[in-house]
Amino acid sequence: MALDRKIAFIDLTNGEIQIKPIPISMRKKYLGGRGLDAYLLYNYSKKGVDPLSPDNPLIVSGGILTATCASATARTHVMAKSPLTGLLGSTNMGGFFAPELAWAGFHHLVIKGKAEKPVYLYIHNGNIEIRDAGKLWGKTTTETQWAIREELGDDEIKSLVIGPAGENLVRFANVMTGIKNSGGRTGMGCVMGSKNLKAIAARGTMDIRIAHAQEAFEYNKRFIDQITSAKVNQTQGALGTPFIWGATNCWGGLRTRNFQFNQLEYADDIEPERLDEIATETVGPHHMTGCFACQVHCRGQYRIPSGPYAGKYDEGPEYTSQGAFGAEPGCTSAVTVLTGNHLVNQFGMDNLETGSMIAWAMELYEAGILTEKETDGLDLRFGNDEALLEMVERICYRKGWLGDTLADGGIPAAEKIGKNAFDYLIQVKGMNNLHSDERATPALALNVATSSRGSDHLRSRPAIDLYHLPEDVLRRIYSNPIPYKGPLSSEHTSYEGKPWMVYWQENCYMAVDCLGICKYHTTFLGATLPNFEDWPKVIYYNTGLEFTSEEIWTIAERCNMIERMFNLREGLARNDLKKGDTLNHRYFDEPCRRGAPDVIGLSIDRGKFNKMLDEFYEYKGLDKNGKPKPATLKRLGLENEPSRSL
Amino acid sequence: MAIDEKKTSAAETLRKTRSFGKVRCHNPSCMGRIQPAPGADHAKCPTCGMEYRLFWVNPTLPRIRGPVWDVNREIAKKTFAGKGGAATLKAESKGGK
């Protein structure tokens, strides 16, 4: 059954492998996936560990529902101390790897040490082998996956791999599976590279017994109905995440030219409908595909229509690639976006961080802080498509002074560049912000400021705040499972009630990450999608474990708190611009100047922002400095951590 | 055990409140419903004046493709100036502090 999947502790230095069961008591406290990973990271790393040292544990997992009869249990989670931020490293991806890992007998891998030479892990039906990866080193992400399948003679193998960026220790290197499923954030590919670990390959045929199979199938029909009838998912299935980019750009919520503007004007060529046309022309009318057990199918397929990479196949692009190779560098060509997306996928490099770093360098260049001396003659002005794509390659291979400097991530690069370069860096906790502009949306600003892995939209964003839902509808969603009687506002520019919404979403997304399902299957982009009320049944029918909605909420609180404890141990401080819960000065000082009339002129009010932060800390049970109160730790059963009880 | 077969969740009941066949204005504080003429390639929000290019998924299902850039740019400029934006911009240092 799902609960008999094991955890493996693998030491790459001496080749030792320990396989253990996961006690039910741990499932009841952390469920699985990201939550249990957070427990493991906090327990199996020492304070101040160098992220690139053998002592930094790399943890790979599926959720408690992975490969069961529940929908969209495709997500793989990877966690370690981040070489990009020096804080929590955490990334989550779709595809087919986690289910294969579960069929091979495992839900969690804890990988420590460093191999003497490049290796990869082969996990199959309860066995784990450490194999030579000498021939794989230097290959792109796609080449690596095919080479492993060829070497092992099995086309059904699913692999988690790094590309050249991970090998070159680019601090924002990806972990990838498939063509474009990316564990993009916080540089987990860099951690793999530091361990000489090129890939983790999985193949399994071990059945997962469903606790109440008939009921699980029946209940999943209801789930599927909820998922597929949501308009937001229907649009995702037609256009993918570019549809969100299109709508966001329409009203002026898009980070543009390194946050100088909030809208990319005349961007017709990279609008979702245009990208859809290109996909239709180059791949065919049925070009949308999906991850394991998902009904949404939000992943596009395309071939690059022209230019030096014409004819190359890839998948996506996602919202973040439109931002990274469109709005942020000020480029409006579909070919540039599709090519940039292809390059980062093949190199194994976070598209969001890559595009943001280059856009930052572009602004520094236009401001005279960087010159042609540092760019090796490259004209790095905004809107220079060729320079943009050239810089992607330079970063991956650490070519030239600037490529090598940017590959180390924003804060180290700012220190190396000097002057006031840091002031232009749009980051939180050392990681660049999503390509959205939150100056008109205080709730979303609080979300990016407080996310545990650095600026991020997938940790606590109340995206439905933009829909202006009636207050009674908001109350039905946000008063469950924990009653909430405080204010709630339908107005996205309001500061009222937003801390609770962010707090609720933080727990909702943590629960989803513990279950191992995709966020498009919960209250993220659609108000009508499943959440706490719906999960107890899914867990019970599939695993036999009984929880109430309130218990799942408490587990999510606990898991979020242990992530917070890790960050505090590694130096998080409330108002620290480099390691804190705050935002770049542009959020407060520079108003939006493009987009819809109601957005123009808005910026975040610093005083009101701080009040929101105070309130958010209260809900979490933190003191004014953002540290957990003793009573909170006791309530969540964390007062004795690290306990090393697994 | 929180399992009750007959209970519908908040998510399920909310679905019943949806409407079809129109587009919503993308100005987030407006969100007015716009009903374009069949096959029209542009539509103007009757509430806030924003203008949009349209895409038709099928003959009865319109979707906003993007803004009419020139029109909305003018609206943005006037709005920004009206909110004292020009003065704010002068006071701003370009980029950093």
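Residue A:550 meets the conditions (1) out of contact with any Ser or Thr (no Cβ under 6 Å at 6 or more places or on another chain); (2) in a loop (DSSP other than H, G, I, E, B); (3) within 14 Å of another protein chain (Cβ to nearest Cβ) in every case but one. The failed one is (2). Selection over the stretch A:242-301 of residues that are not in a loop (DSSP other than H, G, I, E, B) and not small (Gly, Ala, Ser) gives a count of 28.
In the stretch A:148-174, the residues that are farther than 24 Å from residue A:408 by Cβ reach residues that are hydroxyl-bearing (Ser, Thr, Tyr) and not in a strand (DSSP E or B) with C-beta atoms within less than 9 angstrom, at least six apart or across chains, in these pairs: A:159/A:144. So, residue A:582, is that one modelled with pLDDT under 95, in contact with a Leu (Cβ under 9 Å, 6 or more places away or on another chain) and part of a loop (DSSP other than H, G, I, E, B) or not? Here the answer is no, as residue A:582 does not meet what is asked.
Evaluated against (1) touching a His at 6+ places or on another chain (Cβ under 9 Å); (2) free of Cβ contacts under 8 Å to residues at least 60 places away in the same chain; (3) within 14 Å of chain B (Cβ to nearest Cβ), residue A:236 falls short on exactly one condition, (2).
The single condition among (1) modelled with pLDDT of 95 or more; (2) surrounded by fewer than 17 Cβ atoms within 10 Å (Cβ to Cβ) that residue A:229 does not meet is (1).
Filtering A:399, A:429 for residues that are more than 14 Å from chain B (Cβ to nearest Cβ) and under 16 Å from residue A:584 (Cβ atoms) leaves a single hit, A:429.
Going by what's in this entry, would residue A:475 be described as more than 14 Å from chain B (Cβ to nearest Cβ) and either at pLDDT 95 or above or surrounded by fewer than 23 Cβ atoms within 10 Å (Cβ to Cβ) (or both)? Criteria not met by residue A:475. Every test in (1) of a type outside the set (Phe, Trp, Tyr); (2) over 22 Å from residue A:179 (Cα atoms); (3) out of contact with any strand residue (DSSP E or B) (no Cβ under 8 Å at 6 or more places or on another chain); (4) surrounded by 21 or more Cβ atoms within 10 Å (Cβ to Cβ) is passed by residue A:127 save one, and that test is (4).
Tell me, yes or no, whether the stretch A:490-499 has at least one residue that is facing chain B (nearest Cβ under 9 Å), over 23 Å from residue A:78 (Cα atoms) and surrounded by fewer than 19 Cβ atoms within 10 Å (Cβ to Cβ). Yes, some residue in the stretch A:490-499 is facing chain B (nearest Cβ under 9 Å), over 23 Å from residue A:78 (Cα atoms) and surrounded by fewer than 19 Cβ atoms within 10 Å (Cβ to Cβ). Select, from A:596, A:556, A:573, the only residue that is more than 26 Å from the chain's Cα centre (by Cα) and either buried (at least 23 other Cβ atoms within 10 Å of the Cβ) or not aromatic (Phe, Trp, Tyr) (or both). Exactly one of A:596, A:556, A:573 is more than 26 Å from the chain's Cα centre (by Cα) and either buried (at least 23 other Cβ atoms within 10 Å of the Cβ) or not aromatic (Phe, Trp, Tyr) (or both), namely A:596.
Check off (1) away from every other protein chain (no Cβ under 14 Å); (2) over 24 Å from residue A:557 (Cα atoms) for residue A:573 and give me the number that stays unchecked. Only one criterion is unmet by residue A:573, namely (2).
If the condition is being part of a helix (DSSP H, G or I) and free of Cβ contacts under 8 Å to residues at least 24 places away in the same chain, then the stretch A:587-617 contributes A:588, A:589, A:606, A:607, A:610, A:614, A:617.
Entry remark, the stretch A:264-284: residues being among the small types (Gly, Ala, Ser), in contact with a strand residue (DSSP E or B) (Cβ under 8 Å, 6 or more places away or on another chain) and without any contact (Cβ under 8 Å) to a residue 24 or more places away in the chain number 1 in total.
Here is a check on your reading of the model: is residue A:48 over 14 Å from residue A:113 (Cα atoms), in contact (Cβ under 8 Å) with a residue 12 or more places away in the chain, assigned by TED's automatic domain parsing to the domain that holds residue A:193 and out of contact with any strand residue (DSSP E or B) (no Cβ under 7 Å at 6 or more places or on another chain)? Against the criterion (over 14 Å from residue A:113 (Cα atoms), in contact (Cβ under 8 Å) with a residue 12 or more places away in the chain, assigned by TED's automatic domain parsing to the domain that holds residue A:193 and out of contact with any strand residue (DSSP E or B) (no Cβ under 7 Å at 6 or more places or on another chain)), residue A:48 qualifies.
Examine the stretch A:242-253 for a residue that is surrounded by fewer than 17 Cβ atoms within 10 Å (Cβ to Cβ), closer than 30 Å to residue B:50 by Cα and within 13 Å of chain B (Cβ to nearest Cβ), and state whether such a residue exists. Looking for residues that are surrounded by fewer than 17 Cβ atoms within 10 Å (Cβ to Cβ), closer than 30 Å to residue B:50 by Cα and within 13 Å of chain B (Cβ to nearest Cβ), one finds none in the stretch A:242-253, hence no. Filtering A:413, A:449 for residues that are more than 13 Å from every other protein chain (Cβ to nearest Cβ) and without any contact (Cβ under 8 Å) to a residue 60 or more places away in the chain leaves a single hit, A:413. Condition first: more than 27 Å from residue A:42 (Cα to Cα) and either crowded, with 22+ Cβ neighbours inside 10 Å or of a type in the set (Ser, Thr, Tyr) (or both). Can you find one or more residues in the stretch A:175-189 that meet it? Yes, the stretch A:175-189 contains at least one residue that is more than 27 Å from residue A:42 (Cα to Cα) and either crowded, with 22+ Cβ neighbours inside 10 Å or of a type in the set (Ser, Thr, Tyr) (or both).
Could you list, in sequence order, the residues of the stretch A:25-61 that are assigned to a loop (DSSP other than H, G, I, E, B) and closer than 30 Å to residue A:535 by Cα? Correct list: A:31, A:32.
What about residue A:110, is it touching a Phe, Trp or Tyr at 6+ places or on another chain (Cβ under 6 Å), outside the structural domain of residue A:294 (by TED's automatic domain parsing), touching a residue at least 24 places away in the same chain (Cβ under 8 Å) and in a strand (DSSP E or B)?
yes
Which residues, taken from the stretch A:566-603, are farther than 23 Å from residue A:265 by Cβ and among the β-branched types (Val, Ile, Thr)? Selection gives A:582 alone. Counting the residues of the stretch A:114-159 that are in a helix (DSSP H, G or I) and under 29 Å from the mean Cα position of the chain (by Cα) gives 9. Only a single item in (1) of a type in the set (Ser, Thr, Tyr); (2) under 25 Å from residue A:519 (Cα atoms); (3) in a strand (DSSP E or B) is not met by residue A:85, and it is number (3).
The values are calculated or read from the model by the stated rules, or taken from the named source; none is laboratory data. Just so it is clear, the model here is predicted, and its values are computed rather than measured. Cβ atoms come from the backbone with ideal geometry, glycine included; neighbour counts cover every protein chain shown.
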